[in-house]
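To start, the structure under review is shown below, and the notes come after it.
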Amino acid sequence: MPWMLPTIMKNLFSRPVTRRYPYVKRPPFPEARGKLHFDTEKCNLCGACSRICPANAIIVDKEGRTIKYNPFACIYCGNCVEGCPKKAITMDILYSPPAIQKEEEVITFPPSTK
Amino acid sequence: MNWIARSRAKSPWLLHYDCGSCNGCDIEILACLTPLYDIERFGIVNMGNPKHADILLVTGPANHPNYRVLKNLYEQMPEPKVVVVVGSCGCTGGVFHNCPNILGGIDKVIPVDVYVPGCAAKPEAIIDGVVLALEKLKNGK
Amino acid sequence: MAIIFIAAIVVTPFIGGLLRGIDRKLTAHMQGRIGPPIQQPFYDIIKLFSKSQIITTRSPLLLVYGYLLFIVAAVVLFALKQDLLMLILVLGVADVLLVMGSFSTRSPYSQIGSNRELLQMFSYEPILILASIAIYMETGSFLISRIQQPLLPTLWPVYLALLIALIILMRKSPFDISASEHAHQEIVRGIFTEYSGLYLGLIELAHWYELVLVLAVISLLWTAGVWPGILLALFSWFIVLIIDNINARLTWSWMIRTSWVAGIGLSILNIIGLRLFGG
Amino acid sequence: MTASLIGIAILFPFAAGFVCLTLKNHKARAGVVFLSAIVLIATSILFFSQGTFPLGYTPSHEWDMAIFVLDYLLMAYFLYLGLNDFFRNGIKIRNVSTIGLVLVQAISLALFEFSWAPELPITVEPALFIDHLSLIMCLIICIIGSLICIYGIKYMQDHEKHLGLEKTKQNWFFFYMVMFLGAMNGIVFANNILWLYFFWEVTTLCCYALIRHDETPEAIESGFRALWMNLIGGVGFVVAIILAFNSYGTLSLITLISNPTPFLLLPLAFLFLAALTKSAQVPFQGWLLGAMVAPVPVSALLHSSTMVKAGVYLAVRIAPAFWGTSLSAMIAVFGGFTFMAAAILAISQSEAKRVLAYSTISNLGLIILCAGINTPLAITAAIMLIIFHAISKGLLFLCVGNIEHNIWSKNIEDMQGLVRRLPLITGITIAGMISMLLAPFGVLISKWAAIEAAGASASLLSPLILLFLVIGSAATTVFWVKWIGRFLSEVPSTEGLKMEPFSPLYHTPVMLLIGGAVVLSILIAPVYNWLVSPAVGTFYLTTVSTQSWFFRSAIGCFVAWPLFIVLAAALVVPSLFVKTKPERIRAAYMCGENVEYDTPQFRSVADDKFELQLGGVYLEEDLGEKKLDKWFKVIALIILLVLFVVVLV
Amino acid sequence: MARTVIPFGPQHPVFPEPIQLKLECEDERIVGVVPVIGYISRGIEKAAELNPFRNNIFLCERVCGICSFMHALCYCQGIEDMMKVEVPSRARFLRVFWAELSRMHSHLLWLGLLADSFGFESLFMQVWRAREIILDISEMTSGHRIIQSTNVIGGVRRDIDEEMAQKVEEMLAQFKELADRSILPTILNDPTIKERTVGKGILTKEQAELLAAVGPTLRGSGVASDMRMTEYAAYKEIGFEPIVETAGDSYARTLVRVKEIYQSLDIILKALSMMPEGDIAVRVTGRPEGEVVSRVEQPRGELIYYVKGNGTANLERLKIGTPTFANIPSLLVMLPGCELADVPVITLSIDPCIACCER
Ligand code: SF4
Ligand code: SF4
Ligand code: SF4
Ligand code: SF4
Ligand code: SF4
Ligand code: SF4
Ligand code: SF4
Ligand code: SF4
C-alpha cells in the first residue's frame, strides 16, 4: 500500500521519462540492425545471400539481373550481410518503415559488361 | 464531420491478438504502452476486447488453428476499423514461411491496412504504423 | 429553477469529462508517463458516438438510456436540493438498470461483471444510505437544501466511509471489481464488455454525471460556503487517484469485507455517537 | 347498507365455499368462484365508497354463541388431526406439538370461559369495528384474493392434468380458498378479541388444508408444520385474551388500544407473538417456506392478501397501544432482524418460490419494523407496504405459476433467457419485480419512508435498526436483480420476439395486478390521501402532506411522478428509435471462439463445441441456508426472549 | 448448484498469447479447468528439417521472442556437441552475458504482466520502465532489442569492447538503483500484493516433483534444481547457486524470480569482469551427424533440444522440450478451488509461454 507511494509521488513531481517519439527521435545505437542496402557495384549476383536467408526474403535473378528483396519478410538477422562473399550488402541502423502496401524492393543491375 | 474525424484520429483503441507469433512483437507492443513510449499520449488504450476496439493489432503469421479466431474477432469490431500487422512474420510469414502449419501473412485471412516490418518490430516502428492507420481511421475507411 | 435544471444537465458532463481527463493525466504522471491530453475523454466519447453500432441483443440498448436518464435525474435532484435519501435510491435505480442491461446478453464476461456489480452495490449502497441518515441527524432534515453548517467535524467517520464508496463508484483499485477499468484482468471489461460504440459512449457519459454527483454529495459535508466543499470533493478525488495507484486490485469478497467492516462500521459508530452525544 | 355489506364480506365467502364443495362439475364451480370474486370485489368497493368510518357494528348475540361453539369445534378438529396422525405414523414432532398446543389452548380457554368469565359467551360492544385500516385490508383481501381465485380456476385444471389425477379435488381446494377470504375479512373487522381469535384459527385451518392439498408426504409434513407453528400463535392469543380480560375486564380491541397502560404490555407482547408466527418471522419462517409445496394460487393467496398479512395487520393494529415503550423498540429490532436475515438468505436460493417466500418474510419484517418504530411516518410506511407488497407479491406468485406451467420447473436457473421464449409473462414478471425493487414504485416509496422514519426514531436502539435496514435493503437488490438477470440473459438472434398465446384466465389477473401496481404507484398522492392518511389518522397525527403530488414529510420529500416521467422516457423513447437491423447483430464476446452468433456455444477442447453455461451467483458457501439459518434462528429467539424480558421488567 | 462453463481465451486480455482455459466454476470458485493449447503451433520442428542447419539458429530464436537467446544457445550447444567443436572461452562468457540479460528482461516482463493481472498498473509501468534499460543494453550490444541474434555455431557474432562494457555497467547500476528504489520494496512489502498472491495456487514439493515442474515453478516449491548447475557455457567459472523458496505459492514463485533478477545482475557483472581475451568464434565446417540432447536453463525452466543429424546439411530431427509444456500439469493442480479472480495470477505465476510450448 504505502510502499508505492514515494515512487508515484516522485514521478508526479518530476518530468515524465517518456521519449517523445515521433516528435523527438532518439538516435539508434550504432549496432542496431535495420533495412538492407545492396551495392550493385560489388554484387556479382552469386545468389549466396538468397540461399542462406532464413526468411526467404531475397530472390536473386541472375538472368534478369535483378535482386528482389522483401523487407516485409526479412527478419533483419544479418546472415546475408555476413555471408555475402563480396560484402555487397550493408545493414542500415534505421528500421524499414511501415507501409500500407507491402511492396518488394526490386534492385535492378546494369547490364553485364562481360 | 471535422470533429468526428478529429476524434477518431485522437482516440484509437487497440485490440491485440497474437495469431502465432514468437512473442517478440507482442512484447514490443506492450512496451509501447509503458512509460518510455507511452502511446496513451495519442489517446491509445489497449482494450483487450473487440467490441471496444478501433485498431486490431495482429502479430504472428496466420496459422490453421488460429485464423478462425482472428476472423471472429475482426467481425466483432464495429466500423470503422483498421488492421495493423506487426512483424515480418505477420506480413508474409517471415521466418516461418516454410512451416507446415502456417497459412502465410495475416492478409490471407482478413484485410490488412498497414504492414509494420521488423523482427521484432521496434516500438518506434509500431508507433509509426499506428499513425499510418490513424489516417485511414480518420476518413472512416 | 429552470436555469438550475438546464445548467445541471448541460454543465455536469463537462465537469465530469474534464475530471476524467485530469484523472488520466495525473495517473499517467504518477506512472512516469506523459499521458493523454486533458480533453481526451471528449475525443473518446465523440468517437464512440460516431462508431457504427453493433448489437448483441436489444434490451441492453434500451436499458442504457434508462441508466443515463436516471443518473441525470439524480443530478437534477441534487441541483434542486431535494431529498438526499431519495437521490441515493434513484442512483440505485440507475445502477440496477445498468446491471440488467449487461445481464441481457448471454455473454460470459458481462454476466460475471454484472454479478460483481451487484456485489458492489451490496457494498456501497449501505454506506451511502447511512451517510444520508448521519447527515439527517446533524441537520434535522433529509433535504439537501437544509444543510447549512459544516458537517465534517462531527461526521468525519462517515466521510472516511464515503471515501470507500467513492473508490467503488469511481471503479478504482483496490475495488475495481466489476469492470476492471484497465481491462487487463480476468473479466475483460466485465459489465461493459458487450456494449460498443454509441452505447458505450452513453455509459461513459453517465459515468461522468455519476462522478460529479458523488463528489457533490461528498462536498455536502462541508457547506460553510461552496468553495471549501468543492475543495473537499477534489481532495477526496485526488486521494482516490493515489489509492488507485498504490494498490493491487482485490477480490470481491475482500471488497465486501472491507466496505462492511470499515465503511458500515464507521458510519454506524458515527451514528451511535451522534445518538449518544449530540444530534 | 353497511351492515349487509359487512355480512356479505364475511359470510358470503363461507357460503360460496360450501357451494364449491358440493359442486362436482368444473364449469359450475368455476362459475361460482367467478361470481363470488365479482361479488367480493364489488362489495369491497361499495363499502369503501359508501361507508363513513370508523364505524362499529354489533350483530345479534346468536353470533356470539355460534362463534363460541365453533371455536371449540375447530379445536376439536385440530386435535383430531393430531391424534389421527399420531395413530397412523407414531410419535412425531408434528403430531405431538399439534396435540400439545391444541390442548394447552383448549384447556386454558375453557378454564377462562367457563370458570372465570362473568358471562358466557363474552360479548363486546361493538363486536365489529371498521376503520380505514380494516378497509384497506378488506380491499386487498377482496380484490387481490379474488383475482387469485380466478387465476386458480385454470391453474388447478392444468395442475391436476399434470399430476394425472383421476378424481378432482378442486371442490375442496376452492372451498378453502374462498372461505379463506371470508375468514380474513372477519379478522380485519373483528373488535371482540374472541371473534378475532376464532377467525384467526379459521385461517390457520384453511392454510393447513391448502398446504396439504396435494397429499404428498412433503405436503402433509409442511401442512402440519404450518399448523403447529401457527398454534403457537394461537396459544399466544389465548394468553393475551386471559391477561387482557383480567386487567381490563373487556375484550374490545379498540378499547385496549385507545387506553394504553403499562399493564397492557404483556398481553400485547403475547398478541405480537401471535402476529409474528402468522407472518412467519424468523425464527418461525419454516412453515411459510414449507408452504411452497402447495399449488401456486395457495402461495399467492398466503403471501399477498391473506394469512401472513393477518399477522402484520395485527401488529400495525396494536401498534398505537405500545407507542413509545421499550416493547416498541424491541419489536422494531425484531422486525429489522427478520428483514435483514430473510433478505440475505434469499440470495442463496435457486428455487423461484423460495426466493419469493424469503422476500415476503423480509418485507413483513420491514412492516413490523415500521410498526415498532411507531411514528406516524413509520406507520404510513407500514400501511403502504402492506398495500403495495400485496399487489406485487400476489402478482409475482401468479407469474411464477404461469411460468412453471410453461417450463415445468421452478428453478431460477431454468429461466435463463425466458424473455425470448415467453415474452409476455416474463415481461410482466420483470415489471412486477421492478415494482418491488426500484424507485419510484410504491414499495420503494414505502421503504424510503421507513428508512427516514428509522433515522428519525429517537430510540437508542435505532443504530441497530438502521444497520439491519441498510444491509437488508442492499441484499434485497442483489437477489431480485440477479433473478431478473436470469430472465434477460438471452442469445443474440435476428428474429423478433414472438408473444406466447394469450390465455385469459392466466393473463388477465396478472395484467390487472401489474396495472394496479403501476397506477397506484403513480397515484401515490391520492392513494395516500384517500386510504392511508385516514388509516394513520385514526390513532396518530399525520405528518405527511402531498403538496403538488409530492410525498412530503417533515424531514424529507419524495418526488414520485417526475421519476415516472423519467422512467417512461427511458422506456418509450429509445424503443422508438433503437433499431436492430439483422446485419448489425453480432455474437457475444467469447474470446474469439464462438461457434455461431446465435448459439451459446464455444469451441474448446479438441475443437469440439461446448455449451456456454452461465450459472447465477448464489454465494452458497458464504450466505447459504446451511451456514446461516441456525444462527439467524438463535439470534431471533434471543431477541424475542429479550423482548419478553423487557416487557416483564 | 449452478455451474458456469466459460472459455477463458484464446483472445483474452490477461494472456498476451492465445491459450484457452475451459473454466468450470460454481459461483466464482473454479471447480474444473481444461487447458486447450495449440493455437500458435506453427510447425517449427518440421520446418527445422527443411532448412540448412545453420539457418535453424534464426528459426529457433523465433520459437519464442522472449528468451530467444536461450533457444539459439541450446541449439548451438547441441550442434557444437555433436560436431565436437571447442567454443572459445570468451564466447562462452559472452553467451552467459546475453543469456542472463534475457533472463532479466524476461523476468521483468513477467513481473509487469503479473502486476497488470492483479490491476496494479503503476507497478507494471515501473517494472517495464526499468526493463527498458535492459533492452537498451541488449540493443547496444547485439543490435536487437529482444531477439539478440548473436549466437552462431562455434561462438558468437558480436563482441563487447572495454568501452561498451563500461557503459553496460553504468546502465546496470542505473537499473539497480531504480529497482531497489521503487520495485523491490513494493513487491516485498505491499499488503495488497500479498493478499493476491500469498497462499494462492499452492504447489507442494511432492506435487512439484511428481508433476515434473521446472524452473522457478519448481524452485518456488523448495526444490533446488537449475540447469545452470550443469555448468554449461561459462557457469563453471562464474559459479552458480540456485535460488529456492519453500512456500510453493504464487508469492514464492514471484520472490524466486525477483531474486533471480538480482542474481542475473551479479552474474552479468562477474561475466564482464572475468571475461578472458580471445576469439569470439571458431570456424565450423562439416555437417552434423549423430544425435545429441542439449539442455539449458531458460527463465521459465529447463529447455531441452534433441538434435539428430545424418551428415547432410539438413537435420533429420529436431525436438524441442519446453518449460511451459512441463509446467502446465502443475497449473492444473493449482487452479481448482481458487477464485476466478485468482486465475490470472496463478496462471501467470508459472509464467506460461505458449509460443515455445506449442512451437
Ligand atoms: S551474396 Fe552478395 S554477391 Fe551474392 S548475390 Fe547476394 S549480395 Fe550479391
Ligand atoms: S537480414 Fe536475414 S532475413 Fe533479412 S535478408 Fe538478410 S538473411 Fe534474409
Ligand atoms: S516478426 Fe519476428 S519477432 Fe515478430 S512475431 Fe514474428 S518472428 Fe517474432
Ligand atoms: S495427431 Fe492430433 S489428434 Fe492425433 S494424437 Fe496427435 S494431436 Fe491428437
Ligand atoms: S508440430 Fe508435428 S504435426 Fe505440426 S507440423 Fe510439426 S511435425 Fe507436423
Ligand atoms: S519459455 Fe516462453 S519466453 Fe522462453 S522461449 Fe519459450 S515461449 Fe519464449
Ligand atoms: S509428449 Fe513428452 S511429455 Fe508428453 S507424454 Fe510424450 S514424452 Fe511425455
Ligand atoms: S505437444 Fe508435443 S507431442 Fe504434442 S503435438 Fe506438440 S510436439 Fe507433438
Taking helices (runs of 4 or more DSSP H) that fall entirely within segment E:125-217, which contain at least 1 residues that are in contact with a Ser or Thr (Cβ under 6 Å, 6 or more places away or on another chain) and of a type outside the set (A, V, I, L, M, F, W, C)? E:191-197, E:205-210
Does segment E:336-343 include one or more residues that are more than 16 Å from ligand 7 (Cβ to nearest atom) and among the β-branched types (Val, Ile, Thr)? yes
So which residues in segment D:433-461 are outside any helix (DSSP H, G or I) and either within 19 Å of C:Leu91 (Cβ to Cβ) or touching a residue at least 60 places away in the same chain (Cβ under 8 Å) (or both), if there are any at all? D:Leu438, D:Ala439, D:Pro440, D:Phe441, D:Ser457, D:Ser459, D:Leu460, D:Leu461
Positions within segment B:20-58 being within 16 Å of ligand 5 (Cβ to nearest atom) and touching a strand residue (DSSP E or B) at 6+ places or on another chain (Cβ under 7 Å), in sequence order: B:Gly20
Name the pairs whose Cβ atoms lie under 7 Å apart, with the first residue in segment E:147-175 and aromatic (Phe, Trp, Tyr), the second surrounded by 17 or more Cβ atoms within 10 Å (Cβ to Cβ), and 6 or more positions between them or separate chains? E:Phe175/E:Ala130; E:Phe175/E:Ile133; E:Phe175/E:Ile134
Selected residue [at the interface with another protein chain (Cβ under 7 Å from one of its Cβ atoms) and not β-branched (Val, Ile, Thr)] from C:Tyr67, C:Tyr109: C:Tyr109
Of (1) within 16 Å of ligand 2 (Cβ to nearest atom); (2) within 20 Å of B:Thr59 (Cα to Cα); (3) part of a loop (DSSP other than H, G, I, E, B), E:Val63 satisfies all except one. Which? (1)
Subset of segment D:447-506 [hydroxyl-bearing (Ser, Thr, Tyr) and over 26 Å from D:Ile425 (Cβ atoms)]: D:Ser457, D:Ser459, D:Ser462, D:Ser473
In segment C:12-64, how many are among the hydrophobic types (A, V, I, L, M, F, W, C) and within 21 Å of B:Leu14 (Cα to Cα)? 10
Return yes when E:Val96 is modelled with pLDDT of 85 or more, surrounded by fewer than 20 Cβ atoms within 10 Å (Cβ to Cβ) and not in a loop (DSSP other than H, G, I, E, B) and no when it is not. no
Residue check, B:Tyr115 buried (at least 21 other Cβ atoms within 10 Å of the Cβ), in contact (Cβ under 8 Å) with a residue 12 or more places away in the chain and of a type in the set (Phe, Trp, Tyr): yes
Got a number for residues in segment D:173-231 being aliphatic (A, V, I, L, M) and not in a helix (DSSP H, G or I)? 1
Filter segment E:52-81 down to the residues that are β-branched (Val, Ile, Thr) and either more than 13 Å from ligand 3 (Cβ to nearest atom) or out of contact with any His (no Cβ under 7 Å at 6 or more places or on another chain) (or both), then identify the one that is farthest from the other protein chains (Cβ to nearest Cβ). E:Ile79
Is one or more of the residues making up segment E:258-276 in contact with a strand residue (DSSP E or B) (Cβ under 7 Å, 6 or more places away or on another chain), buried (at least 20 other Cβ atoms within 10 Å of the Cβ) and more than 14 Å from every other protein chain (Cβ to nearest Cβ)? no
Name every residue in segment D:495-528 that is free of Cβ contacts under 8 Å to residues at least 24 places away in the same chain and surrounded by 16 or more Cβ atoms within 10 Å (Cβ to Cβ), in order of residue number. D:Leu523
All but one of (1) in contact with a helix residue (DSSP H, G or I) (Cβ under 8 Å, 6 or more places away or on another chain); (2) surrounded by fewer than 20 Cβ atoms within 10 Å (Cβ to Cβ) hold for C:Phe103; state the number of the condition that does not hold. (2)
Looking at D:Ile430, D:Ile471, can you tell me which residue is at negative phi, in contact (Cβ under 8 Å) with a residue 40 or more places away in the chain, surrounded by fewer than 24 Cβ atoms within 10 Å (Cβ to Cβ) and touching a Pro at 6+ places or on another chain (Cβ under 8 Å)? D:Ile471
Extreme residue, nearest to ligand 8 (Cβ to nearest atom), among residues of segment E:316-333 that are among the aliphatic types (A, V, I, L, M) and surrounded by fewer than 24 Cβ atoms within 10 Å (Cβ to Cβ): E:Ile320
Could you tell me which of the residues E:Ala313, E:Ala355 is closer than 23 Å to B:Cys99 by Cβ, more than 16 Å from ligand 2 (Cβ to nearest atom), of a type in the set (Gly, Ala, Ser) and surrounded by 24 or more Cβ atoms within 10 Å (Cβ to Cβ)? E:Ala355
Only one of (1) more than 16 Å from ligand 8 (Cβ to nearest atom); (2) farther than 30 Å from D:Gln601 by Cα; (3) small (Gly, Ala, Ser) is not met by E:Gly32, so which one is it? (2)
Here the residues within segment E:40-50 that are buried (at least 24 other Cβ atoms within 10 Å of the Cβ) and out of contact with any Asp or Glu (no Cβ under 7 Å at 6 or more places or on another chain) are E:Arg42, E:Ile44, E:Ala48
Restricting segment A:44-101 to residues that are basic (Lys, Arg) and closer than 21 Å to E:Asn151 by Cα, the residue that is nearest to ligand 2 (Cβ to nearest atom): A:Arg51
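The values are calculated or read from the model by the stated rules, or taken from the named source; none is laboratory data. Every value quoted in this text rests on a predicted model; they were computed, and no experiment measured them. In this analysis, Cβ positions are derived from the backbone assuming ideal geometry, glycine residues included, and neighbour counts consider all displayed protein chains.
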